[in-house]
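Data block below; observations after.
Coordinate-derived values only; no laboratory data. This is a predicted model, so every value here is computed, not measured. Cβ atoms come from the backbone with ideal geometry, glycine included; neighbour counts cover every protein chain shown.
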């Protein structure tokens, strides 16, 4: 195996191992079962968003509206003002439908109106924020069933519920991307949309579906994040749009499209959460997270760009 293949396959795991080793040195109890469970519980909502963002980046796009969508779905869930856990499936179904519509609009703007992914999703982010603030008048007043707290922080046989949800989504989307004909179309579309159309692939349709997947995953993540945080406000998920893109880049998903895996993106999300924890353990200011994330992006982008050129 040559050096370039090694970088593409194992650089992310090497970064993860280094971070775990560093955290263990600083805090000897870092690898305790309870702490690992806490880290996975914290990482799951971001990892769900990252799965969807990876699909969009693979077709040469990005989605800046995911965090605003997460907050909007959280607020929408409180609009039911439900107290019975029997309403949780209904809330999830409505959230998925609404999220899919948002993704459909994003994909339509990018493919059929030739709006850049940056501007299209930025506009959607602002629209969702405006609708959210208009409805709440600044502060959500509804309530959620108590079961949401269990979904966000509960465990089954020691495994966090939201981690199980992530594992299920990862298996489904992993099969879709890496084992199905649609997945091959995603990679071909991301690699060369013109060539994809020439061989009979409807590149626009593939791109739109990827945006729908991204929005649906953001909506689901928003509900699990509400359960984890325990409260709903207009800024649930704030910063996740950047963190999801950063995680994908760290995980080897090329911003130029057509290269990357869901497993790499998921490990990228875990790396980010580890960075956040290490910053807290070391007693560094929160701003240090931004500096460290920026440095890691530069290093990861450099490594993978060199590997792809070779």
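By how many nm would the segment from residue 81 to residue 287 lengthen if fully extended, with 0.36 nm per residue of separation less the alpha-carbon distance?
Extra length available between residue 81 and residue 287 comes to 70.5 nm.
Residues of the range 57-80 falling in the label zone of residue 143, defined by backbone nitrogen less than 14 Å from a point 7 Å along Cα to beta-carbon, are 78-80.
Could you work out the mean projected area of the convex hull around the alpha carbons of the chain, in square nanometres to one decimal? The number I arrive at for the chain is 16.8 nm². Taking a ≥ b ≥ c as the square roots of the eigenvalues of the alpha carbon gyration tensor, the range 109-151 is oblate, as a/c is not under 1.5 and a/b does not beat b/c. Can you work out D for the range 151-310 in µm² s⁻¹ from Stokes-Einstein, where Rh is the Kirkwood radius over C-alpha pairs, the temperature is 4 °C and the viscosity is 1.567 mPa s? Stokes-Einstein gives a translational diffusion coefficient of 74 µm²/s. With a Förster radius of 22 Å applied to the beta-carbon distance between residue 231 and residue 123, the computed FRET efficiency rounds to 0.20. Distance from the alpha carbon centroid of the range 156-216 to that of the range 10-25 works out to 28 angstrom. For the range 1-114, the alpha carbon convex hull comes to 183 Å³ per residue, rounded to a whole number. Between the beta carbons of residue 159 and residue 18, assuming R0 = 25 Å, the FRET efficiency works out to 0.45 to the nearest 0.05.
Would you compute, from DSSP H runs of 4+ residues alone, the mean residue ellipticity of the chain at 222 nm, taking -39500 (n - 2.57) per run and dividing by the full residue count, rounded to the nearest 500?
Estimated from H runs of four or more residues: -25500 deg cm²/dmol.
Normalised by 2.2 N^0.38 Å, where N is the number of residues, the alpha-carbon radius of gyration of the range 56-197 equals 1.24. Relative contact order for the chain: 35 percent, from Cα pairs under 8 Å spaced at least 6 residues apart, divided by residue count.
Tell me, what is the FRET efficiency for residue 37 and residue 90 to the nearest 0.05, using R0 = 45 angstrom and their Cβ-Cβ distance as r? Display every interim value, and only then the final one.
Numbers: r = 29 Å, r/R0 = 0.65.
Efficiency, rounded to the nearest 0.05: 0.95.
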